[in-house]
Every structure is written in structure tokens, then in C-alpha cells.
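Asker: First, the structure itself, so that you have it in front of you.
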Amino acid sequence: MGRHERTQNGPTQETVRLEARVFGMVQGVGFRYWTMGKAEELGLAGQVKNLDDGSVSVIAEGITTRVQDLLDWLNSGRTPGQVERVDGSMSEASGKFRGFGVG
């Protein structure tokens, strides 16, 4: 499904792209910056930005297990604000991001 990334130990691991919309009280509470920090901690690339409807868009690319860790964190209740739901899908990583940014 995704590209493969060589780890320091030699074997390759699949890389994927998460595209998610986060709904709830997630704007004006530091959610984007906490998400960026968590994504950077996990070694992911992508971006997070507020949308006009009050939701937040998250695009994250990286090793499958780490992208899943971010998705689990988004659903964990440990984020700023109050997440009501996360709608997300996984696909093949594009490789277009070089780091993680806030839009």
C-alpha cells in the first residue's frame, strides 16, 4: 500500500498517509501545536490546520505504526480541547512533506 522506508537496523517498513478531520472543541485551545509536537515526537511529516467549519485537518505521513500512534493519540482524550470524533483514512504516502507544520 505505501512506500517503504529503511530503518537504521536495515529492514524496511511501510510508510503511509493519514488524512483526518478532527471534530469537537478543537480550535483556539492549542490543539494544532500539541498535534504538531506529537507528530514531531513520532518522526512524522505533514501538516495540521483549522478549517472554516470549526474542525481541524491533520495530514501525517510516516511509518505505519507511528502514524497509527498519532491516530490513537487523537482519539485518546489526552489532546487539548474536547475531541468528539476523528474521521480518518489511510493511503499511500506521497512523500511531499519535509517536516510537520501548522497551517
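FYI, it's all coordinate maths here, none of it is from the lab. Computed from a predicted model, the values in this text were never measured in an experiment. Heads up, the Cβs are rebuilt from the backbone with ideal geometry, glycines too, and the neighbour counts pull from every protein chain shown.
Asker: Would you mind calculating the gained length between S57 and K96 on full extension (0.36 nm times residue separation, minus the Cα-Cα distance), in nm to one decimal?
Answerer: 12.4 nm is the gain from fully extending S57 to K96.
Asker: Just the number, please: percent antiparallel of the DSSP beta bridges in the chain, rounded to the nearest 5.
Answerer: 90
Asker: Given labels modelled 7 Å from the Cα in the Cβ direction, how far is it in nm from E14 to N75?
Answerer: 1.7
Asker: Hey, can you grab everything whose amide H is under 5 Å from the amide H of F100? Only 5+ residues off in sequence or another chain; H modelled, so Pro and N-termini drop out.
Answerer: G46
Asker: Comparing A93, A39, A60, which has the greatest mean-square fluctuation in the GNM of the chain with Cα pairs linked when under 10 Å apart?
Answerer: A93
Asker: Using θ = phi - 60° and the Karplus relation 6.51 cos²θ - 1.76 cosθ + 1.60, list the HN-Hα couplings for segment 89-98 in order, rounded to whole Hz, with x at every Gly or Pro.
Answerer: 9, 10, 8, 5, 5, 8, x, 7, 8, 10
Asker: Could you work out the relative contact order of the chain? I mean the mean sequence separation of Cα pairs under 8 Å and 6+ apart, divided by the number of residues, in percent. Mind showing how you got there, number by number?
Answerer: Numbers: 225 pairs, mean separation 41.0, N = 103.
That works out to 40 percent.
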